[in-house]
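A.B. asks: One structure coming up, written as structure tokens, with questions to follow.
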């Protein structure tokens, strides 16, 4: 019986362990191919969002509106949520509405319902800028809509978010969400907050 061996010279280094070359054949399994296909088909978030919502065809002078939500006794059994929409300090278009069920009343539900009120009100051919202090609403509309659609909207506030994203999808003009810091002295945001509290 003949045995052969190869001596692999190695330098001893205290900082890193020695590297031992291995000549092991790699067998590509079906799962590897599926993984590669998934990586190749992955889209940038902005690309996936554009595909979900589609194109816009109108560009007009923007309508700016501030939205806010409020919940009294948030997390309690008898909690009540309200939504506020502010077009201007004394605007006759301002809205103060109690948030309907069946979902549990929360601040987030109030925030989402306020945006839904705006989307139901504004002509879809008008460019719209929505100012909100809710990162929840922005994330749900701008990042997670596709994921929630694939899950059948089985999430908290899924009824409102589904309707909100559907209205956004059918808008023919652009919609921009702008985050504003809450309770920071912005009179329009403060007015939306007051309207939400009034409804709750």
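A.B. asks: Of the residues 137, 80, which single one is under 25 Å from residue 190 (Cβ atoms) and surrounded by fewer than 18 Cβ atoms within 10 Å (Cβ to Cβ)?
C.D. replies: Details: 137 fails: surrounded by fewer than 18 Cβ atoms within 10 Å (Cβ to Cβ).
So the residue among 137, 80 that is under 25 Å from residue 190 (Cβ atoms) and surrounded by fewer than 18 Cβ atoms within 10 Å (Cβ to Cβ) is 80.
A.B. asks: Among the residues of segment 91-117, write down those that are within 17 Å of the chain's Cα centre (by Cα) and within 18 Å of residue 182 (Cβ to Cβ). Full working, then the answer.
C.D. replies: Residues of segment 91-117 that are within 17 Å of the chain's Cα centre (by Cα), as a first pass: 107-116.
Of everything in segment 91-117, those that are within 17 Å of the chain's Cα centre (by Cα) and within 18 Å of residue 182 (Cβ to Cβ) turn out to be 107, 108, 109, 110, 111, 112, 113, 114, 115.
A.B. asks: Then there's this: Which ones in segment 145-155 are on the phi < 0 side of the Ramachandran plot and either surrounded by 15 or more Cβ atoms within 10 Å (Cβ to Cβ) or touching a strand residue (DSSP E or B) at 6+ places or on another chain (Cβ under 8 Å) (or both)?
C.D. replies: Quick first cut of segment 145-155, residues on the phi < 0 side of the Ramachandran plot only: 145-151, 154-155.
Of everything in segment 145-155, those that are on the phi < 0 side of the Ramachandran plot and either surrounded by 15 or more Cβ atoms within 10 Å (Cβ to Cβ) or touching a strand residue (DSSP E or B) at 6+ places or on another chain (Cβ under 8 Å) (or both) turn out to be 145, 146, 148, 149.
A.B. asks: Report whether or not residue 103 is out of contact with any strand residue (DSSP E or B) (no Cβ under 8 Å at 6 or more places or on another chain), within 23 Å of residue 170 (Cα to Cα) and surrounded by 13 or more Cβ atoms within 10 Å (Cβ to Cβ). Quick ask: steps written out before the conclusion?
C.D. replies: Values: out of contact with any strand residue (DSSP E or B) (no Cβ under 8 Å at 6 or more places or on another chain): yes; within 23 Å of residue 170 (Cα to Cα): no; surrounded by 13 or more Cβ atoms within 10 Å (Cβ to Cβ): yes.
So residue 103 fails the test.
A.B. asks: Sticking with this one: Any residue in segment 149-170 that's in contact (Cβ under 8 Å) with a residue 40 or more places away in the chain: show its pairings with residues that are part of a loop (DSSP other than H, G, I, E, B) and surrounded by 15 or more Cβ atoms within 10 Å (Cβ to Cβ) at Cβ separation under 6 Å, as long as the two are six or more apart or on different chains.
C.D. replies: Going by the 6 Å Cβ cut-off, the qualifying pairs are 157/103.
A.B. asks: Looking at 86, 142, which one is touching a helix residue (DSSP H, G or I) at 6+ places or on another chain (Cβ under 8 Å) and under 14 Å from residue 169 (Cα atoms)? Even if it seems obvious, please write down each step before you answer.
C.D. replies: Numbers: 86 fails: under 14 Å from residue 169 (Cα atoms).
One residue alone meets the criteria, 142.
Rule-based calculations on the coordinates, nothing more; no lab input. Note that the structure is a prediction, hence the values are computed from the model and not measured. Every residue, glycine as well, gets a Cβ built from its backbone with ideal geometry; the counts of neighbours run over all protein chains shown.
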